[in-house]
Amino acid sequence: MGYHVSGTGHGESIAHEIARVKPDLVILDLYLCGYDAFELLRDIKQQNPGLPVIIHTAYDSFKGDPRLSGAQDYVIKNSNLCELKERIDCILKGNK
């Protein structure tokens, strides 16, 4: 399955990008330059409650953090993107 991907590297432009693109899913890194990703997740879910968010980060230490309870999934970054692709497919097909 192919996807149309849009991205931004800055926390302050994510709300604008979501409004412009109207994505089916958001992949959010916890470490965005100068922005609190926990607050950003909260804002995304307040403005778009049905929008699935996958946390994609290099750190497994936040996996059980209650501030991430609004996310549909949590995937640890590695060089193999198969796990991330599988999670995206499951969420978009309504299996998660």
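Please go through the range 9-57 and give me each residue that is part of a helix (DSSP H, G or I), under 15 Å from Arg67 (Cα atoms) and not acidic (Asp, Glu), ordered by number.
Ala37, Phe38, Leu40, Leu41, Arg42, Ile44, Lys45, Gln46 - these are the residues of the range 9-57 that are part of a helix (DSSP H, G or I), under 15 Å from Arg67 (Cα atoms) and not acidic (Asp, Glu).
Given the structure, is Tyr35 in contact (Cβ under 8 Å) with a residue 12 or more places away in the chain, under 23 Å from His10 (Cα atoms) and touching a strand residue (DSSP E or B) at 6+ places or on another chain (Cβ under 8 Å)?
Details: in contact (Cβ under 8 Å) with a residue 12 or more places away in the chain: yes; under 23 Å from His10 (Cα atoms): yes; touching a strand residue (DSSP E or B) at 6+ places or on another chain (Cβ under 8 Å): no.
Here the answer is no, as Tyr35 does not meet what is asked.
Just to verify a result, which residue in the range 1-46, among those that are aromatic (Phe, Trp, Tyr) and under 14 Å from the mean Cα position of the chain (by Cα), is modelled with the highest pLDDT?
Looking at residues that are aromatic (Phe, Trp, Tyr) and under 14 Å from the mean Cα position of the chain (by Cα), I get Phe38.
Under 9 Å between Cβ atoms, which residue pairs at least 6 apart in sequence (or on different chains) link something in the range 69-96 that is without any contact (Cβ under 8 Å) to a residue 12 or more places away in the chain with a partner that is β-branched (Val, Ile, Thr)?
Glu83/Val75; Glu83/Ile76
What's the total number of residues in the range 71-96 that are within 14 Å of His56 (Cα to Cα) and part of a loop (DSSP other than H, G, I, E, B)?
The number of residues fulfilling the criteria is 7.
Suppose we filter Asp60, Asp73, Asp24, Asp36 for residues that are open to solvent by 70 Å² or more (accessible area, probe 1.4 Å), in contact with a Pro (Cβ under 9 Å, 6 or more places away or on another chain) and not β-branched (Val, Ile, Thr); which single one remains?
Residue meeting the stated conditions: Asp24.
Scan the range 42-61 and report the pairs whose first residue is among the acidic types (Asp, Glu) and whose second residue is surrounded by fewer than 19 Cβ atoms within 10 Å (Cβ to Cβ) and not in a helix (DSSP H, G or I), with Cβ atoms within less than 8 Å and a gap of 6+ or a chain change.
Asp60/Ile76
The values are calculated or read from the model by the stated rules, or taken from the named source; none is laboratory data. On a predicted model such as this, the values are computed, not experimentally measured, just so you know. Here Cβ is always computed from backbone atoms with ideal geometry, including for glycine, and neighbour counts include all displayed protein chains. To get the accessible areas, we keep the full protein, side chains included, count just its heavy atoms, and leave off ligands, DNA and RNA. Shrake-Rupley method; radii C 1.70, N 1.55, O 1.52, S 1.80 Å.
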